[in-house]
Amino acid sequence: MTVQNPEKALSRKQRLQEKQRRQLAVVDTVDKAEAKARKAEVELALAVTEAVQVFGGEQSASEGLDMPVEAIRRFLGMARDEAADAGKTAEAAGAS
């Protein structure tokens, strides 16, 4: 038999606050994980770009990396987008 202690019971407001705290903690964790995944994708895109240069082309890199050409192209596009974003950021910093 469980003995309930009325002093230990959380009010509706406290339960809601606790639920919101847990939800915010989970959202924060997901945000951090997404940032890490994005950083890893960018690193992979840069590595694939280097592989294309080293292997001498998309098809050769695809064979050497055992990666579909479509994936190679997707990573190349991602690397181009990152380089363009970095250029815009540098321009904005230089204009200030």
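The values are calculated or read from the model by the stated rules, or taken from the named source; none is laboratory data. In this text the structure is predicted, and so the values were computed from the model without any measurement. Every residue, glycine among them, receives a Cβ derived from its backbone with ideal geometry; neighbour counts consider all protein chains shown. These accessible areas exclude ligands, DNA and RNA; they are computed on the full protein's heavy atoms, side chains included. Shrake-Rupley method; radii C 1.70, N 1.55, O 1.52, S 1.80 Å.
Quick notes on this structure:
- Failed item in (1) free of Cβ contacts under 8 Å to residues at least 40 places away in the same chain; (2) in contact with an Asp or Glu (Cβ under 9 Å, 6 or more places away or on another chain); (3) in a helix (DSSP H, G or I), with Val42 passing the rest: (1)
- Yes/no for Glu82 being of a type in the set (Asp, Glu) and at pLDDT 95 or above: no
- Within region 45-71, tally of residues that are touching a residue at least 12 places away in the same chain (Cβ under 8 Å) and either more than 23 Å from the chain's Cα centre (by Cα) or farther than 21 Å from Ala83 by Cα (or both): 6
- Test: residue in region 73-83 that is farther than 18 Å from Glu43 by Cβ, touching a Leu at 6+ places or on another chain (Cβ under 9 Å) and in a helix (DSSP H, G or I): no
So that you can scan it fast, the table gives a plain yes or no per residue for (1) among the acidic types (Asp, Glu); (2) open to solvent by less than 70 Å² (accessible area, probe 1.4 Å):
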{"position": "Gln17", "(1), (2)": "no, no"}
{"position": "Gln20", "(1), (2)": "no, no"}
{"position": "Val26", "(1), (2)": "no, no"}
{"position": "Glu43", "(1), (2)": "yes, no"}
{"position": "Ala47", "(1), (2)": "no, yes"}
{"position": "Glu58", "(1), (2)": "yes, yes"}
